Amino acid sequence: MSVLPAPATLGAATGSRHVRDRIAQALLILAAVGAVVAVVGAAGAVADAGPATRMVETWRMLGFGVFAGVFLLLAYRPRLYAGIWELAILNKLALTLTALSFGAGTEGAGTALFADGLVTLMLLAAYVLSRGWRAWSAARSMG
């Protein structure tokens with residue numbers, strides 16, 4: 001009696017993993033595109049900002065760019081970056097909860113609630129589909 005699965009079962013599992021990885025990759029690329037669109041949209045806010053808000057608007061715009069890069073890195077190698085998944089998910093979840101707590105009386109809270117909430121769900125789905133937590137095993141094996 002063999003301990004290894006039959007070749008057909010092994011192939012099906014590999015094919016299933018490939019499909020899950022491709023769906024996760026598509027979600028992450030979509031999130032990256034959204035972040036790039038946010039950079040472009042924020043450029044106008046930077047240009048229009050006065051001295052009191054110019055720095056914070058620039059910081060916000062550049063943050064969108066960083067997240068676009070993070071999402072693309074995760075799409076490229078989802079099981080390589082230990083901790084990056086969790087940081088990105090926690091950041092987007094924190095922004096979602098903050099927007100929820102601020103409520104409709106705060107300018108931009110509704111937009112942030114929708115956008116960051118959606119990205120949180122996309123990241124969680126991609127994390128599960130690609131088994132992003134396995135990056136920790138890879139990190140431990142590297143020393």
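Rule-based calculations on the coordinates, nothing more; no lab input. Values in this document were obtained by computation on a predicted structure and should not be read as measured data. Neighbour counts run over all protein chains shown; Cβ positions are idealised from the backbone, glycine included.
Observations, loosely collected:
- Here the spin labels are modelled as points 7 Å beyond Cα on the Cα-Cβ line, and at ALA138 and THR98 they lie 2.9 nm apart.
- Between ALA99, ALA47, ALA38, the Gaussian network model of the chain with springs among Cα atoms under 10 angstrom shows the greatest mean-square fluctuation at ALA47.
- Largest GNM mean-square fluctuation across ALA42, ALA75, ALA52, computed for the chain with C-alpha springs under 10 Å, falls on ALA52.
- Nearest-20 debye value, the chain charge dipole, Cβ charges on Lys, Arg, Asp, Glu: 660
- For the chain, built as a Gaussian network whose Cα springs stay under 10 Å, the top-fluctuating residue of GLY105, GLY83, GLY15: GLY105
- Amide proton proximity set for ARG131, modelled H, under 5 Å, gap of 5+: none
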